[in-house]
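Remarks on the structure that follows.
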Amino acid sequence: MNNTRSSQILATVAVLCLCVLLGCRDSAMRQSGPLAPVAGADDKAEEAQGPHYAGLIEEYRRVLSEDPSNLAALIGLGNAYYDSGNWRKAAEVYERALARDPHNADLRTDMGTAYRNMGMTERAIVEYHLALEHQPGHLNARYNLGVVYAHDRKDFPAAIRAWEEILKMAPNSPQAEQIRSSITVMKKRLLKEAR
């Protein structure tokens, strides 16, 4: 094997390791907090991203140009777009990754959140439900479903149902106290509206 080919293989392996490490870190970060709607951020997201994301995006694109079937690089590219706030491109890349791995609940959940952040709440709900069909115990999909119902749709009974399921499955999850508090507030509001 020549030195150029060996260097390319080592670079690809290094990028894949980076993909896995960043993918795990980014995925954990996306699962830990509430979602905030982002209106209009998609148009300038690529311009506004810091050099960290621009470099990652370029590297993932390079790897994919050499190996278009590299699922880890495809997921890494989607995550880099997601983390930089470029929801449209993240959703496009997640669609490509899901064509290869259609039952991946993490990808479906992240894609749902990208759609939610683009204001496409119906599409987000569909993706969260698909994630739950493939992995019924996926807490992040259920949590985000509750967020969309509570904050975007103002459908408090649906949000309460989604979040009470989380409390049944994982009563000590990182969001448990926030969920309990939100459920209490929503139930009080529903009682007040019923009067």
Worksheet item: Looking at the stretch 121-190, which trypsin sites (Lys or Arg not before Pro) are in a loop (DSSP not H, G, I, E or B) and have at most 14 other Cβ atoms within 10 Å?
Response: Arg153, Lys154
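Would you mind computing the Rg to Rh ratio of the stretch 121-195 from its alpha-carbon coordinates, Kirkwood style for Rh?
0.98
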Worksheet item: From the Cα gyration tensor of the stretch 143-187, with a ≥ b ≥ c the square roots of its eigenvalues, which class applies: rounded if a/c is under 1.5, or else prolate if a/b is larger than b/c, or else oblate?
Response: prolate
Practice prompt. Arrange the following residues from fewest to most other Cβ atoms within 10 Å of their Cβ: Val148, Val126.
Written response: Val126, Val148
Practice prompt. Could you run the Karplus curve 6.51 cos²θ - 1.76 cosθ + 1.60 with θ = phi - 60° over the stretch 181-195 and give me ³J(HN,Hα) per residue in whole Hz, x for Gly and Pro?
Written response: 5, 5, 4, 4, 4, 5, 5, 4, 5, 5, 4, 5, 5, 6, 6
Worksheet item: Which value in Å does the Kirkwood hydrodynamic radius of the stretch 58-193 take, with 1/r averaged over all unlike C-alpha pairs and then inverted?
Response: 15.7 Å
Fill in: Potential lengthening between Arg153 and Thr184 on full extension [0.36 nm per residue; Cα-Cα distance subtracted]
9.4 nm
Practice prompt. Pop a pseudo-label 7 angstrom from the Cα along the beta-carbon direction at both Ala99 and Glu58 and give the gap in nm to one decimal.
Written response: 2.7 nm
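What full-extension length gain, to one decimal in nm, is calculated for His134 and Glu193 as 0.36 nm per residue of separation minus the Cα-Cα distance?
Working: separation 59, 0.36 × 59 = 21.24 nm, distance 3.62 nm.
Between His134 and Glu193, full extension yields 17.6 nm more.
What do you get for Rg/Rh of the stretch 51-99 when both radii come from the Cα atoms and Rh is the Kirkwood radius?
Reported Rg/Rh (Cα atoms, Kirkwood Rh): 0.94.
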Worksheet, complete the sentence: When Glu177, Glu59, Glu164 are arranged by how many other beta-carbons sit within 10 Å of their Cβ, fewest first, they go Glu177, Glu164, Glu59
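None of the figures in this text is laboratory data; all of them are computed from the coordinates on show. Since the model is a prediction, treat every value here as computed from it, not as a measurement. Cβ atoms come from the backbone with ideal geometry, glycine included; neighbour counts cover every protein chain shown.
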